[in-house]
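This report refers to the structure that appears directly beneath it.
The values are calculated or read from the model by the stated rules, or taken from the named source; none is laboratory data. Computed from a predicted model, the values in this text were never measured in an experiment. Cβ coordinates were reconstructed from backbone atoms using ideal geometry, including for glycine residues, and neighbour counts include every protein chain displayed. Remember, those area values only see protein heavy atoms, side chains included, never the ligands or the DNA or RNA. Shrake-Rupley method; radii C 1.70, N 1.55, O 1.52, S 1.80 Å.
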Amino acid sequence: SYRLELSPSLRRRGIHDVFHSSLLRIHEPNDDRLFPGRLDSQISEFDDREGEWAVDRILSHRGIGSDAVFEVQWKAGDRTWVPYATIAHVGALRDYFELLGI
């Protein structure tokens, strides 16, 4: 068995820090023909305000205040959960709050 060092937020989400060694696999790099747009160089950073265009809309949230996390629908079609601090400046967040009457 192997033990990972996990942050408290991952522990709260139920991510386990121990897994069996039979689950380990050799890393295979991304095949851009099968999965285009997933190279590290093709993913924008959250701190980049120009990358704001990538957010299509915000679907839901969990938590309150600055501890909240938001389910984001990206224009590429993916959905991910991101903390409030990383999307506080995004226009889609203002639209989401407006829909909620906040």
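Only one of GLU5, GLU28, GLU50 is at pLDDT below 70, among the charged types (D, E, K, R) and either open to solvent by 100 Å² or more (accessible area, probe 1.4 Å) or out of contact with any His (no Cβ under 6 Å at 6 or more places or on another chain) (or both); which?
GLU50
Among all residue pairs at least 6 apart or on different chains, which show Cβ distances below 8 Å where the first residue, located in region 79-102, is open to solvent by less than 50 Å² (accessible area, probe 1.4 Å) and the second is part of a helix (DSSP H, G or I) and of a type in the set (Lys, Arg)?
HIS89/ARG49
Which pairs do you get when a residue that is more than 16 Å from ALA76 (Cα to Cα), found in region 17-41, comes within reach of a residue that is surrounded by 11 or more Cβ atoms within 10 Å (Cβ to Cβ) and modelled with pLDDT under 75, reach meaning Cβ atoms under 8 angstrom, with the pair 6+ apart or on two chains?
What qualifies is ASP17/LEU6; ASN30/ARG38; ASN30/LEU39.
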